[in-house]
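See structure below.
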Amino acid sequence: MTLTRRAAIAIGLGAPLVLLTRPALASPETMNAAIAEFTDGRSVQEGRITLDIPVLVENGNSVPMTVEVDSPMTPEDHVTEIAVFNERNPLPDVVRFRPSPALGLARFQTRIRLGDTQKITAIARLSDGTLWSAAMTVIVTAPACIES
Amino acid sequence: MKRGGVAALAVLLTGPAQADERRSGFDYMGPETQLMQTDDMANPGMLAVQAGMRLWQETAGDAERSCESCHGDAEKSMRGVAARYPAYDATAQSAVDVAGRVNLCRTRHQGAEPLPQEDADLLALVSLIGLQSRGLPVMPDPDPQMSQWRSRGADLFDRRMGQLNLSCAQCHDDNAGGHLGSAPIPQAHPTGYPIYRLEWQEMGSLQRRLRGCLSGVRSDPWPYGSDAYVAIEAYLMQRAAGMPMETPAVRP
Amino acid sequence: MWAGLVLASALTAGGALAQGLPEPLPALPGDPVRGRAIVEDRQTGLCLLCHSGPFPDVPFQGDLGPDLTGVGARLDPAELRLRMVDSRAINGDTIMPPYFSRDGLNRVGDRWTGETILDAQQIEDVIAFLATLTQEESE
Amino acid sequence: MTDALVNIPETATPGEIIEIKLLISHPMETGFRPRSDGSLVPRDIITSVRCLYGGETVLEVDLNPAISANPFLVFHLRADRSDEIALEWTDWGGVVHREARQITVA
């Protein structure tokens, strides 16, 4: 990697994490707009999908996230798409999974960036067209030491 | 050196009083970050190791030699090596850390330019070498020349620096386990370098980590490669004698 | 310079350490509202990296220094001022940075050479704010 | 050359749901990070990951700048036949990287 990839900031012992995500923060409104586009105005029910993220994370640069939908994953009854949204990163979209029933299990794990404490929302679209959601608030701690 | 020798050396170098109370930075991390380190398939440091394995076998420099040309299989020849470093190099009349050793090999034996500090290839090779000591106890170089390096490192560790006027020891000895903001202050045992630091989002050396603290107290870091860093590395590794190596570690 | 002189007089006053700096620094009277902002800002005051206190809106306060809850009842402004200006006058081994002293510093980074962590006005503002923290328990 | 760690079981029993892990060496530059002169470091991310089982797409993943550096992905697959399992990911320049493994199901 190159030296230029390191931000030339040396503020002292305390500095906020947000250097990654400075310019334009998304807002709950932009997240809601992105969700509305995904759901196409259909109603969303709570349940069937679970979102597993540590409530308190040590560094927002790498936050483990697991999303799982309670689905038999058969050709007749399966998940067609899962979308994850956030409300305070610069962009509301985090990740989308489009599984086929061949997976057998609708469970996905990845690591995400969170620029700040915020609400994360996951929505699953099933093969019958219904939409299911889960949401949770994740507290991102500010690292104490940031270097130049 | 045999196992008994390791234990004896550990006691000799650290004194028995510290032995029970030393904790790796690993112990201060949350379970998710710990799992990121312990699962080789989830640990981004293993990407550096993979790159290091490729580089180990690639020739470099005018001599058209690879690391492997001289050292053979890294898993055999490099076992335990990183646990001894920094070590004294009689020709250079200097203590060198593992990265410094790689660069000495490049200039002396490969006819290649030294790699810049924090160069991804250098970190990859040092990660590969470090992995071959994972789980082995830190076993500082017994060369008597090292003692002056360690005492210089101890002096620097205890010296207040910067506008905030703090020494390494004031945080990492006197206040280890306390919290600076939300961040727990670890005891400064460098058993896992190079580390994948979530803050950096890439691999980095102990020198980079030390520079971070120097900037944090509003001091000017020494240039990369300075003797001052090697001295502190040597001192810290002596304090960590007997603790298991963790390379490549993950830290917040 | 000025701080150094004040500190020297504090250090020598009356054999035992003087416990305070009664004279305000050359600044307008401290403003507790500005002082609170400085204390709560992790990049300006840095205070809550090490201290906790009655600051419900600030997450993740440190625990290295004394809790600031009730500090205004425990210490008078002169005592607060000395601890802010240079806490080494109270305890030579303190981890409290010298907020208004350039004495005896080592390897200060170029960006900060010749600068104090806070200026006189900021110190007075912080003192004015800390003096308001007289409630002994946080709610 | 992109480094990646790919973990796909070599064998499975028919109908077994296996776990697949992928860790890709990539900075996932967000496009929002300022340089010291104020300009932004251009975005450079992996945009998508695909899994193919015997040539049939079984999973597509869309990635955004909110995915961490060195993207890590864990998912599952019902192993019902011996065949090739391939992982393909597309970078910002549109280049597709591919790692494939053979699984024996018996």
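Below are the figures for this structure:
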item: Qualifying positions in region A:54-80 - under 14 Å from the mean Cα position of the chain (by Cα) and at the interface with another protein chain (Cβ under 9 Å from one of its Cβ atoms); result: A:Pro54, A:Val57, A:Gly60, A:Asn61, A:Ser62, A:Val63, A:Pro64, A:Thr66
item: One residue from C:Ala37, C:Ala73 being surrounded by fewer than 19 Cβ atoms within 10 Å (Cβ to Cβ) and more than 20 Å from C:Gln121 (Cα to Cα); result: C:Ala73
item: Members of region C:28-55 found to be part of a helix (DSSP H, G or I), of a type in the set (A, V, I, L, M) and closer than 17 Å to A:Thr141 by Cα, listed by number; result: C:Leu48, C:Leu49
item: Residue in region C:61-77 that is of a type in the set (Asp, Glu), more than 13 Å from chain B (Cβ to nearest Cβ), part of a loop (DSSP other than H, G, I, E, B) and under 14 Å from the mean Cα position of the chain (by Cα) present; result: yes
item: Number of positions in region C:86-118 that are free of Cβ contacts under 8 Å to residues at least 60 places away in the same chain and either surrounded by fewer than 18 Cβ atoms within 10 Å (Cβ to Cβ) or part of a loop (DSSP other than H, G, I, E, B) (or both); result: 19
item: When residues of region B:200-212 are limited to those that are modelled with pLDDT of 95 or more and within 7 Å of chain A (Cβ to nearest Cβ), the one nearest to B:Met237 (Cα to Cα); result: B:Arg211
item: Contacts under 8 angstrom Cβ, first residue in region B:196-224 being farther than 13 Å from B:Ser127 by Cβ, partner β-branched (Val, Ile, Thr) and part of a helix (DSSP H, G or I), 6 or more apart; result: B:Leu198/B:Thr33; B:Leu210/B:Ile232
item: Those residues of region C:119-137 which are closer than 19 Å to C:Val33 by Cα and assigned to a loop (DSSP other than H, G, I, E, B), in sequence order; result: C:Asp119, C:Ala131, C:Thr132, C:Leu133, C:Thr134, C:Gln135
item: Residue in region A:43-53 that is modelled with pLDDT of 95 or more and within 14 Å of chain D (Cβ to nearest Cβ) present; result: yes
item: Residue within region A:111-123 that is within 14 Å of the chain's Cα centre (by Cα), at the interface with another protein chain (Cβ under 7 Å from one of its Cβ atoms) and closer than 29 Å to D:Ala79 by Cβ present; result: yes
item: Strands (runs of 3 or more DSSP E) contained entirely in region B:145-252, each with at least 3 residues that are touching a Cys at 6+ places or on another chain (Cβ under 6 Å) and not aromatic (Phe, Trp, Tyr); result: none
item: 2 or more residues crowded, with 16+ Cβ neighbours inside 10 Å and more than 8 Å from chain A (Cβ to nearest Cβ): qualifying strands (runs of 3 or more DSSP E) within chain D; result: D:4-7, D:16-24, D:48-53, D:83-90, D:96-105
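The values are calculated or read from the model by the stated rules, or taken from the named source; none is laboratory data. Worth saying up front: this structure is predicted, and the values here are computed from it rather than measured. Note that each Cβ is placed from the backbone with ideal geometry, even for glycine, and that neighbours are counted across all protein chains shown.
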